[in-house]
Amino acid sequence: MEYLTPDITSVLARDVYDLRLDDDLSALGASVPQWLGEFNPPQRMTGTSGAFLRSRSGFGFFSSGRGKRAREALVVMRGTATLADGLTDLSCGVQLGPRGFLVHSGFNETFDSLREQLNACFGAPENRGVSHVHCVGHSLGGALATLVADYARARGLRASLYTFGSPRVGYAAFSSQLTDALGPDDIFRVYHANDPVSMVPLFPFLHAPDRGQVVMLPAKYHAYDFSAHSMNGYVSDVSGRGWREMRCGATNWLERLDSNVRLWLDSGDRSVLSHYGGNILWFLGKALLQLLRVALSVESTGLQVLVSAGFTLVDSIAWLLGRAALLKKEVGTMLERILKALMTALGRSIEGIQDVTVAVLRFSIGLLLGSISNQVTRAIAIAHGASR
């Protein structure tokens with residue numbers, strides 16, 4: 001079995017947006033003639049070699065392989081703007097996903113609306129020999145593709161997952177179990193460092209894979225930018241490149257980032273920040289995460305304990321960091337550095353930050369999340385379109 005290339009998967013994830021109520025595959029055929037040579041074209045829902053998958057909140061297609069891919073299938077998904085509801089809501093609901101782990105309720109409900117159609121596709125006599133499924137999607141379609149991969153494993157099939165700018169789909173157990181079930185090498189997660197959609201939903205939602213290598217494409221422009229979510233941008237940035245090359249490049253970049261974060265937190269050398277430009281929020285997020293680990297070692301109360309006790313995520317982080325800053329001077333100094341850099345990145349005055357209090361922390365973190373939320377809304381509206 002050969003993995004699908006970055007060129008093929010990125011164009012499929014982009015051009016599935018052009019497939020609406022008709023069954024015209026001309027756009028896909030013209031853009032990626034290779035895949036039409038290896039997979040059967042999908043037809044209307046007939047339970048044959050391929051099918052279009054439709055619901056009010058999602059769309060995609062199923063296609064069985066032929067020739068050297070005769071035992072493989074391809075599922076490409078896209079979502080709609082309505083799936084964004086609750087994406088940035090800190091109290092969004094969860095449900096049990098295909099294999100019984102907690103996932104975002106909005107994604108799962110849309111997946112459930114497609115389940116019977118998927119059952120018909122995989123259950124068709126001519127498709128019963130399928131043993132491996134390639135699942136592809138961008139943005140909210142990436143979330144649906146992730147659930148399709150989980151569904152495939154529930155059916156005893158192998159699956160490879162290719163996502164671009166996907167949000168987080170489930171809690172830690174879902175992320176860990178999906179990584180185990182597919183294998184980290186079979187999860188190709190591609191995202192721009194400043195793509196706001198890849199930053200949500202917030203903890204305790206986590207990305208898959210939870211270990212191994214991913215493809216992080218450094219930001220080119222602003223610290224967070226709805227245009228970084230554009231599928232055209234992803235197509236351009238992966239064009240002509242291979243998975244191994246991109247994964248190794250991302251790993252090296254992230255290792256340097258972690259080293260520089262530690263250097264900045266320890267020394268306060270502001271020249272370190274100047275090297276990150278459009279990646280500054282990613283840098284500060286890493287710094288906050290490192291500091292949060294220190295805070296958890298100082299204050300034994302865990303985040304999940306606070307959240308389960310009724311605290312919002314923002315309140316929990318603010319309380320933990322505030323307590324740790326009081327108990328350990330080093331934490332307070334580092335935290336002040338992060339907050340001042342964060343305010344500068346968000347275009348806010350830093351003159352008023354004299355003491356690190358829980359109120360200041362809550363305001364600062366809330367401001368950051370509000371900014372990300374606005375960018376998420378704009379990014380999804382543009383990517384999916386109000387009528388899609």
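The values are calculated or read from the model by the stated rules, or taken from the named source; none is laboratory data. Small disclaimer: the values here were computed from a predicted structure and weren't measured. When we count neighbours, we look across all protein chains shown, and the Cβ atoms used for this are built from the backbone with ideal geometry, even at glycine.
Restricting to region 144-187, name every residue that is over 16 Å from LEU118 (Cα atoms), buried (at least 24 other Cβ atoms within 10 Å of the Cβ) and not polar (S, T, N, Q).
Selection gives LEU161, TYR162, PHE164, GLY165, PRO167, ARG168, VAL169, GLY170, PHE174, LEU178, ILE187.
Of the numbered conditions (1) over 23 Å from the mean Cα position of the chain (by Cα); (2) over 23 Å from ASP15 (Cβ atoms), GLN117 satisfies every one except a single condition; which is it?
It is condition (2) that GLN117 fails.
Being modelled with pLDDT of 70 or more, under 28 Å from TYR171 (Cβ atoms) and either in the same structural domain as LEU202 (by TED's automatic domain parsing) or surrounded by 15 or more Cβ atoms within 10 Å (Cβ to Cβ) (or both) narrows it down to one of LEU303, LEU313, LEU342, so name that one. Full working, then the answer.
Numbers: LEU303 fails: modelled with pLDDT of 70 or more; LEU313 fails: modelled with pLDDT of 70 or more.
One residue alone meets the criteria, LEU342.
What are the residues in region 131-164 that are modelled with pLDDT of 95 or more and part of a loop (DSSP other than H, G, I, E, B), if any?
If the condition is that a residue be modelled with pLDDT of 95 or more and part of a loop (DSSP other than H, G, I, E, B), then SER131, ARG155, GLY156, LEU157 are the ones that fit.
When region 194-213 is examined, which residues are found to be under 11 Å from the mean Cα position of the chain (by Cα) and free of Cβ contacts under 8 Å to residues at least 60 places away in the same chain?
Of everything in region 194-213, those that are under 11 Å from the mean Cα position of the chain (by Cα) and free of Cβ contacts under 8 Å to residues at least 60 places away in the same chain turn out to be SER198, LEU206, HIS207, PRO209.
Identify, from the list ALA228, ALA223, the residue that is modelled with pLDDT under 90, touching an Asp or Glu at 6+ places or on another chain (Cβ under 8 Å) and not aromatic (Phe, Trp, Tyr).
Numbers: ALA223 fails: touching an Asp or Glu at 6+ places or on another chain (Cβ under 8 Å).
Of the residues listed, the single one that is modelled with pLDDT under 90, touching an Asp or Glu at 6+ places or on another chain (Cβ under 8 Å) and not aromatic (Phe, Trp, Tyr) is ALA228.
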